[in-house]
1. If I filter region 88-99 down to residues being open to solvent by less than 50 Å² (accessible area, probe 1.4 Å) and either at pLDDT below 95 or of a type in the set (A, V, I, L, M, F, W, C) (or both), which single residue comes out as nearest to Val47 (Cα to Cα)?
2. Yes or no: Ser45 of a type in the set (S, T, N, Q), under 16 Å from the mean Cα position of the chain (by Cα), open to solvent by less than 60 Å² (accessible area, probe 1.4 Å) and at pLDDT below 80?
3. Looking at (1) free of Cβ contacts under 8 Å to residues at least 60 places away in the same chain; (2) open to solvent by 70 Å² or more (accessible area, probe 1.4 Å); (3) within 16 Å of Val47 (Cα to Cα), can you tell me which one Val158 breaks?
4. Looking at Leu169, is it assigned to a helix (DSSP H, G or I), at pLDDT 90 or above and not acidic (Asp, Glu)?
Amino acid sequence: MEEGKTRSYRLAKELSQLFDLESKIDTVLSVSMYHLNQFMDSERSSVFLFQHWNQQLTVFSSLDLDKHEIQIPKSCGVAGWVFVNRQPAVVNNAYEDSRFYKKVDDITGFHTRNLICTPLLDSKNHCLGTLQSLNKKAGDFTNDDLELLNLAAGMVAVAIKNSKHYTELLVTNKARQKFIKQITDNVGKIPHKL
């Protein structure tokens, strides 16, 4: 158990160093997926984000898939089940689990043996998507792995929300500066009646 806490601490330290508001979220998440693979001892890790406009979960960050390359209905597969139920899932025999969506393996050519998936919940308990790791290199995923994935998911959810808020602030600030410039440029053009 002590080793699990040390592992959690090391992952938290690695990820927290990445979450600079001015960093691009794509880069932050890609590097996070690299670290997560190392700490989970898995072949793949990925973030699926929910897209409201088409009601799908879309791969947002993965080291081996292009952004938006995979889209699945929000209730499809283990990721969909996790998203809808807001509960993590540990699946140590993917093809025997009725929630598993084989079509993703067919599209990517990857063979999923086992996976662990958890929801990305924001501070208001809204589900942004899911975080998952696939194919533990040695053995099955454990409760210690789930604890580590939940830790990473909390940090990733905060990074995603902060990035969104930061981008909104930049856009608002730019619009405000443009408005102020228009006002100051037009102050001298206002006719003055005495």
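The values are calculated or read from the model by the stated rules, or taken from the named source; none is laboratory data. All figures in this text were calculated on a predicted structure; none of them were measured in a lab. Cβ atoms come from the backbone with ideal geometry, glycine included; neighbour counts cover every protein chain shown. The accessibility values were calculated without ligands, DNA or RNA, using every heavy atom of the protein model including side chains. Shrake-Rupley method; radii C 1.70, N 1.55, O 1.52, S 1.80 Å.
1. The residue in question is Ala89.
2. no
3. Status for Val158: all satisfied but (1).
4. On the way: assigned to a helix (DSSP H, G or I): yes; at pLDDT 90 or above: no; not acidic (Asp, Glu): yes.
Judged against the criteria, Leu169 is not a match.
Listed here are the residues, each with its yes/no results for (1) more than 14 Å from Leu149 (Cβ to Cβ); (2) open to solvent by 80 Å² or more (accessible area, probe 1.4 Å).
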{"site": "Arg86", "(1), (2)": "yes, yes"}
{"site": "Tyr101", "(1), (2)": "yes, no"}
{"site": "Ile107", "(1), (2)": "yes, yes"}
{"site": "His111", "(1), (2)": "yes, yes"}
{"site": "Cys117", "(1), (2)": "no, no"}
